[in-house]
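Asker: Here it is, the structure, as structure tokens.
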Amino acid sequence: MGGVTSGEIREFGRVACICLLWYFVSSCNGVFGKWILTEFQHPFTITLVQLLSITIFIRPVCSFLRIRPMSNVSWRYYTRLVIPLAIAKFLSSVLAHVSIWKVPVSYAHTVKATMPFFTVLISRMFCGERFSCKTYMALLPVVLGVSVATLTEVSFDVIGLTSALLATAGFSAMTIVTKKIRDETGVHTIRLLLVTGQLSLFMFLPVWFFVDFQEVIRHPLLTAENSSFSILLLLVLDGMFHTLQNLLAFTLMNIVSPLTYSVANVSKRIVIITFSIFMLKNHVTTTNFLGILMSIVGVGLYNKVKYDEKRAKELPTSMKHLNNNSSSSYDRPPPKVNLWNNNGFTSRVKLAMPADYSRLNGSYNHQL
């Protein structure tokens, strides 16, 4: 076997750097969100800042990468799928921020481990998709782990748990709809992120004015000269990290296999939970930690089962294609080559076909 090439080493280094940066940005995004919401209890405003950051920063990225616009989509298709996706994006983001406000970041991300459960549930109920027994069995550790973590959570809050569950269900629905739009239209995921971010921003700007505007402009942290700068800085950093987190996720998704991305995503959740526990000094009991660990392992098992099932479906198709090509070559008559002999006459020579080689190899292997 040959050794590892320099190109493979560079590729591994590139993937490792993207993963580490993704973990760091995601962890900082969660901690910044908690810091802001501890003193500035306005989840609508934080969500609006994140949507504004997507609108501002993603547009030049699309121009730089020359990602084509989403121009081949009818207005009817927009109203049927794209606009509901934008609504789900805003509501899920608000609910996610409410959960981080009410409960620790580590617990909120543990509840997010139920995303495979909601994905299976929504796909089964609304899309009619069927799943194997292995898939349902892989979900048991997820549900059991989140249940244990909930029962042993020191800072448990009903609103925080409900918001986290609803946000996770919303993100699961977004994943299903995003895949459907991407498959049907061929739109780039970053372009779709920009479109849904813009739609969410403009649709819910009036809602923000109605819910948060009056309280935000009168908030003590924004009226005080020293405090206003710090809270505004945290809001800007949170928006930038949220945008960068999305870009890094899509970048990694495009350069690694689905299984590698799933493993990296599970690892990211472990890093976020660990980072938040150390940075925010959350009290975690041994049973609570075991519940968190069980839910994460369950997500990893679910991803592995889905990957194996996908490979099993693709393998018969590729084998059938191979067999069709082989049988078509076997059916063709063997080509003949003219060779000149010493007397100037030609002799017809039959070339061996792949079937002949397989028979020969079979006899040889049988003898061995």
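The values are calculated or read from the model by the stated rules, or taken from the named source; none is laboratory data. For clarity, every value in this text was computed on a predicted model and none was experimentally measured. Glycine also receives a Cβ, built like all others from the backbone with ideal geometry; neighbour counts cover every protein chain displayed. Areas reflect the complete protein model, heavy atoms only, side chains present, ligands, DNA and RNA absent. Shrake-Rupley method; radii C 1.70, N 1.55, O 1.52, S 1.80 Å.
Asker: Take the Cβ-Cβ distance between F213 and L65 as r, set R0 to 41 Å, and report the resulting FRET efficiency rounded to the nearest 0.05.
Answerer: Numbers: r = 35 Å, r/R0 = 0.86.
Calculated transfer efficiency: 0.70.
Asker: In what sequence, largest accessible area first, do W208, W101, W22, W35 appear using a 1.4 Å probe? Can you show the working numbers first?
Answerer: Values: W208 35, W101 85, W22 5, W35 105 Å².
From most accessible down to least: W35, W101, W208, W22.
Asker: Within 10 Å, count the other beta carbons around each residue, average over each peptide in 103-115, 122-134, and list them highest first.
Answerer: Values: 103-115: 24.8, 122-134: 11.8.
Answer by packing, highest mean first, reads 103-115, 122-134.
Asker: Still on this model: Note down the relative contact order for region 171-297 as a percent, whole number, built from C-alpha pairs under 8 angstrom at least six residues apart. Walk me through the numbers before you get to the answer.
Answerer: On the way: 22 pairs, mean separation 17.0, N = 127.
Value for region 171-297: 13 percent.
Asker: Can you give me the Cα centroid spacing of region 68-115 and region 1-58 in angstrom?
Answerer: 17
Asker: Also, quick follow-up: Could you provide, to the nearest whole Å², the per residue accessible area of region 104-201 with probe 1.4 Å? Don't jump to the answer; show the numbers that get you there.
Answerer: On the way: 4300 Å² over 98 residues.
Using a 1.4 Å probe on heavy atoms only, each residue of region 104-201 averages 44 Å².
Asker: Once you wrap a convex hull around the alpha carbon atoms of region 1-149, what is its projected area averaged over all directions, in nm²? Can you show the working numbers first?
Answerer: Numbers: hull surface 58.6 nm².
If you wrap the Cα atoms of region 1-149 in a convex hull and average its projections, you get 14.7 nm².
Asker: I'd like the FRET efficiency for E129 and V236, computed as 1/(1 + (r/R0)^6) with the beta carbon distance as r and R0 of 35 Å, rounded to 0.05.
Answerer: On the way: r = 41 Å, r/R0 = 1.17.
About 0.30, to the nearest 0.05.
Asker: Which pairs break 28 Å Cα to Cα here: K180/K268; K102/K304; K268/K310; K179/K313; K102/K310? Mind showing how you got there, number by number?
Answerer: Details: K180/K268 26 Å; K102/K304 33 Å; K268/K310 23 Å; K179/K313 19 Å; K102/K310 38 Å.
Long pairs (Cα-Cα over 28 Å): K102/K304; K102/K310.
Asker: On to the next question. What order do you get for 173-186, 291-304 when each peptide is scored by the mean count of other beta carbon atoms within 10 Å, highest first?
Answerer: Details: 173-186: 15.1, 291-304: 21.6.
So the peptides 173-186, 291-304, ranked by packing, come out 291-304, 173-186.
Asker: How much length, in nm to one decimal, is gained on full extension between S155 and K310, taken as 0.36 nm per residue of separation minus their Cα-Cα distance?
Answerer: On the way: separation 155, 0.36 × 155 = 55.80 nm, distance 3.97 nm.
Length gained between S155 and K310: 51.8 nm.
Asker: Further question: Along the Cα-to-C-beta direction of R76, a point sits 7 Å from the Cα; which residues of region 168-193 have their amide N less than 17 Å from that point?
Answerer: 184-185
Asker: Follow-up question, since we're still on this one. Arrange the peptides 69-81, 244-256 so that the one whose residues have, on average, the most other Cβ atoms within 10 Å appears first.
Answerer: Going by the mean number of other Cβ atoms within 10 Å, highest first, we get 244-256, 69-81.
Asker: Per residue, how large is the accessible surface of region 40-81? Use a 1.4 angstrom probe and give square angstrom. Write down the numbers at each step before the final one.
Answerer: Numbers: 2490 Å² over 42 residues.
Result: 59 Å² per residue.
Asker: Under 19 Å between alpha carbons, and skipping anything fewer than 8 positions from K34 in its own chain: which aspartates and glutamates qualify?
Answerer: By straight Cα distance, K34 reaches E153, D157, D212, D238.
Asker: Treat each spin label as a single point 7 Å out from the Cα along the C-beta direction, and report the S6 to T274 distance in nm.
Answerer: So the label points at S6 and T274 sit 3.3 nm apart.
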